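Any read-out appearing in this document is the output of simple, stated calculations on the displayed coordinates, not a laboratory observation. All values derive from a computational prediction rather than experimental measurement. Counting neighbours? That spans all protein chains shown, and the Cβs are built from the backbone with ideal geometry, glycine included.
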Amino acid sequence: MLAIYSDETSWWQDTPADEMDATLAAYGAFSDEARASGVLVSEAGLEPPPEAKTVRMRSGAAVITDGPYADGKEQLGGFYVLDCATIDEAAEWAAKLPIGDDGCVEIRAIIE
Amino acid sequence: MKYLLALFGDESRWGEATPEQQAASMKGWDDFTKATIEAGVHLGGEGLQPSATATTVAIPESGDPIVSDGPFAETKEQLAGYYLLDCKDLDDVLGWAKRIPMAGGTVEVRPVMDYEARGSEAHSNEAGAAR
C-alpha cells in the first residue's frame, strides 16, 4: 500500500484550476501505467481534509469529531494498492507519483 | 458516495496480546468485513504489516526522491489498514466506522474524490470499484 501524504489543505486552496487539472491528469497517467503493467489492485484519491470526520474508540464508546485524524501540515491525500514482487519495486512506483512540492509516500506491506 | 476509512492504532498492543486475544481480535475483524460485504457496501480493505516494515519515499521540489526505512510519521499510533466503503451518506458510513473492532484506536473517514465531477477523463475509480 502506498499512502500519500502532502500539504493537502494549501493544495486545495491555493492551486489554480488548470494546474489542478494537470495534476489530476498526471495521477490518471500514473494509474493507467500501473494498470497496464498489471500491478494496480486498488486506488482512491480523497476529498479535502475539512470534509473528514474522525471516530475515536474510547472506553467502548465512539467519539466523533470534525476534521482529519492528525492536525499536521501534511495529510493523507489518497492511496494505491500495488501488487509488486518487492518493496523496492513498490518504491520505484512511488518515486513516479506526481505529488511534488515535498510530498511523501509511505509504503507498507499488506497482511496475507 | 465512496468513503475511505483510514485506521490508526497503537501497534504495540498487538505484540502484547496473548494468542487467544489475537484470535478474538481477528474474529472481530472478520465479522466486520463479512458484515460490510453482506450489506453490499464493501469495495476493498486491507490490513498492513507493522510500521517497522515500512519504506518512505520523500519527493523533494527538485532533485531525486529520497528513500528511507520506517513510516512517514513517528507517532504512537500508526496507519494500520483501511476499508473502502460505498455508503449512501455520512451518517451511514459513521455507523460502520463505530463498529470497527479496534478498541483505543481511531478511524479517519474521508469521502473519495469524484474524478468525473472534477472533469478528469484520464482518471477512473474502476480498479477500486472492482474490488
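General observations
- Count of Lys pairs (Cα-Cα under 26 Å; at least 8 positions apart or interchain) in region B:2-129: 10
- Distance between the pseudo-spin-label points of B:Trp14 and A:Glu112 (7 Å out from Cα toward the beta carbon): 1.6 nm.
- Contact order relative to length of region B:2-129, as percent, for alpha carbon pairs under 8 angstrom and 6 or more apart: 43
- Evaluating 6.51 cos²θ - 1.76 cosθ + 1.60 at θ = phi - 60° for every residue in region B:33-43, the Karplus couplings come out as 4, 4, 4, 5, 5, 5, 7, x, 9, 7, 9 Hz, glycine and proline recorded as x.
- By the Cα gyration tensor, chain B has an equivalent ellipsoid whose semi-axes, rounded to whole angstrom, run 26, 25, 12 from largest to smallest.
- Region A:97-111 versus region A:1-62: alpha-carbon centroid distance in Å: 11
- Cα-based convex hull volume of chain A per residue, rounded to whole Å³: 120
- MRE, 222 nm, helices only [DSSP H, n ≥ 4, -39500 (n - 2.57), over chain B, to nearest 500]: -8500 deg cm²/dmol
- Distances between placed amide hydrogens fall under 5 Å for A:Ala52 paired with A:Gly67, all partners being 5 or more residues away or on another chain.
- From helices alone, chain A scores -9500 deg cm²/dmol at 222 nm; the rule is -39500 (n - 2.57) for each run of n ≥ 4 DSSP H residues, then divide by the residue total.
- Residues of region B:67-94 with amide N under 16 Å of a point placed 7 Å along Cα→Cβ from A:Thr65: B:76-78
- The alpha carbon radius of gyration of region A:53-106, expressed as a multiple of 2.2 N^0.38 Å, is 1.58.
- In summary, the protein assembly as shown shows an alpha-carbon radius of gyration equal to 0.97 times the 2.2 N^0.38 Å reference for compact globular proteins.
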